[in-house]
Amino acid sequence: MDVNCAAGVMSSMVSCRDTGAGLNPSAALHNLLVCPIPRKSAARILEREHYLHSFPAGTVLCFGVMLDNRLTGAITLGAGPALAYRLVDGAEPQDCLTLTRFWLSDDLPKNAESRVLGVIFRYLKRHTDLKFLISYSDPSAGHLGIIYQATGWLYTGLSSAMPLYDLGDGRLRHGRSLNNFLGSRDQGYLKKQGIKINAIKQSAKHRYLYFLDPKWRGYLKSAVLPYPIKEGNNGNN
Amino acid sequence: MEITDLPLGILREATWNPNQLDEKALEKLKQSIKRYGLVENLVVRSKDGYFEVLSGNQRLKVLDELNLQIVPCIVLELNDSEAKLLAQALNHIHGVDDLGLRAQLLREILSQIKQEEVLLVLPESSDNLTSLASIGQEELSVQLQNWQKSRLTKLSHLNFQLTSDQKKVVEEAITRFIPFARGNKSDNPTLRGQALYLLCQSYLGKE
């Protein structure tokens, strides 16, 4: 599937699936099954297939996408950035989750991403009290978030990216790792303790929100902006 | 290709073989050979009066314990670099399981063979085997309902960053409230959490 690498959705090479000759794509869409999968299985498939080749820390829910008994996709929802919930007035950390990984095999029929997200939205609305989801797409990887645009997420612009930190060993650490490792990520404090630390700027990411509970839509503190489009594209994205 | 039966005593492990198997996995390999026999031939080459194993070094480790004295082998004449290259090719060219299809296969096996027996020969732990075999079988609604329920009953963590002097003060304050926490049962099973709560409640009550 030569998708335009929407947020976290990676085009990939997976061996050809036997979906039967002349299978009607819309029938195949209806045969897609979204189901829970074990963390280890999600990690295995995402580390192999997703472009980031990693399993996100703080994952709380893992879903798989099955077609004809094959595991053809994996999705994770997790804690995401600690203060992201503050985008919505009155929201608390437990009101939202971040869609942290979304990978589907290229062999799935067209519109599979929308179908899968639609199923997830429906079940989250019905069975949880989550109010909204957040997701990010990385423009530095050529991602605009086309799938989020296609499924009606609200675009709130580029997020201010959190830096990564180098303690001089060349290894880049997340701020949370510094908290765990050194007790703080405060550069001034760490400098006073004699710890040299370099903050490495990261590129900002497109941020999207999806309201599972539409009542909360009115409390969004950030302005809703027009969807980003590919440079040189006149809107036919 | 001709298969030659060689006595175990003249086979040697390739000292340069980087592939390692831990004790647990070796035991499973042993159980598998016990159950099915040595179904794959070893690949060897003659070297300095003995036969060096290019493929089957792990099996070689357990054959003695299994009392298998004659080993079917494919004997090749290869120089050092070719022998090493073949060993790498034999060890590293393999496919990747589709986890959904593997789950289906495991369910079929488990419907016919007891889990204890399956666990003797497969590398998975009991929990891993069960969760792997469950792929595609569980309902999304059940998972989400359970998750939602656990969220409501889960205790929350609050993290603070303190200097060691500040920490001492906070620790002391919480410790002073522990006797009250003991005598003041709540749905919080952690004594220190309950003590901190009572401390804050007491402070707010004084305001």
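The values are calculated or read from the model by the stated rules, or taken from the named source; none is laboratory data. In this text the structure is predicted, and so the values were computed from the model without any measurement. Here Cβ is always computed from backbone atoms with ideal geometry, including for glycine, and neighbour counts include all displayed protein chains. With ligands, DNA and RNA removed, areas are computed over all heavy atoms of the protein, side chains included. Shrake-Rupley method; radii C 1.70, N 1.55, O 1.52, S 1.80 Å.
Points worth noting:
- Which listed residue, of A:Leu158, A:Leu154, A:Leu182, A:Leu172, is in contact with a Lys or Arg (Cβ under 7 Å, 6 or more places away or on another chain) and open to solvent by 20 Å² or more (accessible area, probe 1.4 Å): A:Leu158
- Filtered by the rule that a residue be within 30 Å of A:Leu182 (Cβ to Cβ) and surrounded by 13 or more Cβ atoms within 10 Å (Cβ to Cβ), the stretch B:172-187 gives B:Ala173, B:Ile174, B:Phe177, B:Ile178.
- Of the residues in the stretch B:140-154, none is part of a loop (DSSP other than H, G, I, E, B), open to solvent by 80 Å² or more (accessible area, probe 1.4 Å), in contact with a Gly (Cβ under 8 Å, 6 or more places away or on another chain) and within 26 Å of A:Ala82 (Cβ to Cβ).
- B:Leu191 vs. criteria over 30 Å from B:Tyr36 (Cβ atoms), exposed (fewer than 12 other Cβ atoms within 10 Å of the Cβ) and among the hydrophobic types (A, V, I, L, M, F, W, C): no
- Residue that is least open to solvent (accessible area, probe 1.4 Å) [pool: residues in the stretch A:201-222 that are assigned to a helix (DSSP H, G or I) and touching an Asp or Glu at 6+ places or on another chain (Cβ under 8 Å)]: A:Trp216
- Scan of the stretch A:65-123 for residues that are hydroxyl-bearing (Ser, Thr, Tyr), within 22 Å of B:Leu132 (Cα to Cα) and either touching a Leu at 6+ places or on another chain (Cβ under 6 Å) or open to solvent by 20 Å² or more (accessible area, probe 1.4 Å) (or both), ordered by number: A:Thr72
- Meets criteria (outside any helix (DSSP H, G or I) and either touching a helix residue (DSSP H, G or I) at 6+ places or on another chain (Cβ under 9 Å) or free of Cβ contacts under 8 Å to residues at least 12 places away in the same chain (or both)) for A:Tyr148: no
- Qualifying residue in the stretch A:135-145 (condition: in a strand (DSSP E or B), within 11 Å of chain B (Cβ to nearest Cβ) and open to solvent by 20 Å² or more (accessible area, probe 1.4 Å)): no
- Selection within the stretch B:1-52 - touching a residue at least 60 places away in the same chain (Cβ under 8 Å), open to solvent by less than 70 Å² (accessible area, probe 1.4 Å) and closer than 30 Å to B:Gln115 by Cα: B:Asn19, B:Ala25, B:Lys28, B:Gln31, B:Ser32
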